[in-house]
2 protein chains.
Amino acid sequence: MTASPTACLLVIGNEVLSGRTRDANLQYLATRLGEIGIPLREARVIPDVPETIIATVNECRAKFTHVFTTGGIGPTHDDITSECVARAFGVPWEVHEETRAIMAADYARRSPPVELNAARLRMATLPRGAVPIRCTETTAPGFSMANVHVMAGVPRIMRSMFEALAPTLEGGAPILSRSVHADFVYEGQIADGLSAIQAEYPALDLGSYPYYRRRPDGGMGGGVALVAKGTDPTAVAAAAQAMYALLARFGEAAEGEPAPE
Amino acid sequence: MTASPTACLLVIGNEVLSGRTRDANLQYLATRLGEIGIPLREARVIPDVPETIIATVNECRAKFTHVFTTGGIGPTHDDITSECVARAFGVPWEVHEETRAIMAADYARRSPPVELNAARLRMATLPRGAVPIRCTETTAPGFSMANVHVMAGVPRIMRSMFEALAPTLEGGAPILSRSVHADFVYEGQIADGLSAIQAEYPALDLGSYPYYRRRPDGGMGGGVALVAKGTDPTAVAAAAQAMYALLARFGEAAEGEPAPE
């Protein structure tokens, strides 16, 4: 497990920290990275402050196999991610000619044509040595600079950029997951039994998640969902079976996650 | 502005990093802390790993006026936040007698009565010196340990704990916000004008956010929303007026945020 690649996500933007915008990228990336076998180990939401961005990029690129960033690569004054990544790597931030040409051709084709003005040219300006991430949603690219992958904050564009990048990422073993749950069973009842299962499968990540939801009869009710995650299919299946048996001691166990409210 | 209090949020839990659970607490806390005048400056999502929790708590409690944590205070083996906070502060983690008595009375009253077993007693075990945060949703408390405020991860309980805590927090000037937007206006057009407004109001945080949404006619369309945030009502209002005039040069400006999709 220790040799498997790891990922960190940096969500860059005052709008998430102010509550204006609810992040929609963390869950998508967490899920996809797990499938690819590059588990997300940390995420940070940081403001549009150059010193913070630079220090955080440098700290995290040393600590994790991959760093993914979202946000701050548009044309306005608060879009400073690209420039900050250049400063973090100590390289010039300069117009990327191929990207400028692609964007200019795209803008010229539009009706009416769009001017590649100074603000828009910022989106063709990359750290020297960066590899553009081109996607189907826009000609303004993301980019990879060594193990730092810079993507847009708009979820539709971020996903397109990530999926363009994904085939180039070398993953470890995919993270497998099995869930069981039971209504009217509570964490305080199964905690000891779950600890015993965790002790039996130390390489797995076993989680316990209480839930509360409106029932078909209109009342509120709760239960607990147990999740086993890991890379060994046999161990994950055996732990799931043991968790099912544990829940069945206290109530009506079921496979999978509880249905959403 | 530099003297105003600051906040950091630590979301503790493998389930957020695996994509199983979408965090629902960041936006709530960001919004409420802005209203109280303790702006959220950073958020981190970290795994259920003791060394990571301890190091992150210690780094962030030195860096920010307040640290809020969510998650990891239930009765199961993966609920290790409370114990880790004790270790971060270098104090014993011990049964809090008053809390034990409150929980025992609650459990005894239930029908059928619930046993205060070892797992549940963990929820009455706090770092020495912690002040419990009691809420209306459960008798298992959160707690404040100096400037670190430990809350549940379940959103309903987290909100109840935060609102119980809020009156004790000394805020700075509340963060005021004004928004304008315009359909069919794009960031590349207004970037220079917005930079000029930002230069005129350096104490404000001006943000530009493109949006895409389904229109009443069924087609997709975009536009841009501009947001001015700050503590000075006169400056915020003046900047909003200037941003409105900027958008009106290129399209049909409107006050407020665009209607959701």
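Where a number appears in this text, it was derived from the coordinates with a stated rule and is not lab data. Computed from a predicted structure; not experimentally measured. Glycine also receives a Cβ, built like all others from the backbone with ideal geometry; neighbour counts cover every protein chain displayed.
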Relative to the compact-globule estimate 2.2 N^0.38 Å (N residues), the Cα gyration radius of segment B:29-94 stands at a ratio of 1.19
If R0 is 51 Å, what FRET efficiency do you get for A:Tyr212 and A:Thr168 from their C-beta distance, rounded to 0.05?
0.75
Please report the orientation-averaged projected area of segment A:111-261, defined via the convex hull of its C-alpha atoms, in nm².
14.8 nm²
Please list log₁₀ I(q)/I(0) at q = 0.22, 0.26 Å⁻¹ for segment B:176-255, using the Debye equation with identical point scatterers on the alpha-carbon positions.
-0.92, -1.20
Sort shortest first the distances from B:Ala196 to its counterpart in every other copy, using label points 7 Å along the Cα-to-beta-carbon line, and give them in nm.
7.4
Ignore the peptide's own chain and count Cβ atoms of other chains within 10 Å of each Cβ in B:38-48; give me the average, rounded.
6
On average, how many beta carbons from a partner chain sit within 10 Å of the beta carbon of a residue in A:19-32?
6
Spin-label proximity, A:Ser4 to segment A:130-174 - amide N less than 17 Å from point 7 Å beyond Cα toward beta carbon:
A:169-174
Tell me the distances, shortest first, between B:Arg128 and the same position across the other copies, using label points 7 Å along Cα→Cβ, in nm to one decimal.
5.8
So what is the relative contact order for segment B:119-257, in percent, with contacts set as C-alpha pairs under 8 Å and at least six apart?
24 percent
Approximate shape of the protein assembly as shown as ellipsoid semi-axes (Cα gyration tensor, √5λ), whole Å, largest first
42, 27, 21
For peptide B:6-15, compute the average count of partner chain beta-carbon atoms within 10 Å of each residue's beta-carbon.
3
Here the residues of segment B:112-139 lying in the modelled label zone of B:Glu98, meaning backbone nitrogen under 18 Å from a point 7 Å along Cα-to-Cβ, are B:123-139
Cα centroid separation - segment B:1-75 against segment A:48-68, whole Å
18 Å
Can you give the extra length, in nm with one decimal, that the chain gains between B:Met220 and B:Ala108 once fully stretched, where that is 0.36 nm per residue apart less the Cα-Cα distance?
34.6 nm
Helix-only CD estimate at 222 nm, as mean residue ellipticity for the protein assembly as shown, using -39500 (n - 2.57) per DSSP H run (n ≥ 4):
-11000 deg cm²/dmol
Put the label 7 Å from Cα along Cα→Cβ for A:Pro113; what are its distances to the other copies, in nanometres, shortest first?
8.5
When only C-alpha pairs under 8 Å and at least 6 residues apart count, what is the relative contact order of chain B, in percent?
17 percent
Which semi-axes, in whole Å and largest first, does the equivalent ellipsoid of chain A have when worked out from the alpha carbon gyration tensor as the square roots of 5 times its eigenvalues?
43, 20, 16
In the B-onto-A rotation, chain B's nearest residue to the axis by C-beta, with distance in whole Å, turns out to be B:Arg44, 2
Residues whose modelled amide H sits under 5 Å from the amide H of A:Thr21, counting only those 5 or more places away in sequence or on another chain, are A:Val16
Which of A:Val154, A:Val91 comes first, and how do the rest follow, when ranked by fewest Cβ neighbours within 10 Å?
A:Val91, A:Val154
Can you give the FRET efficiency to the nearest 0.05 for B:Glu51 and A:Glu35, using r as the Cβ-Cβ distance and R₀ = 30 Å?
0.65
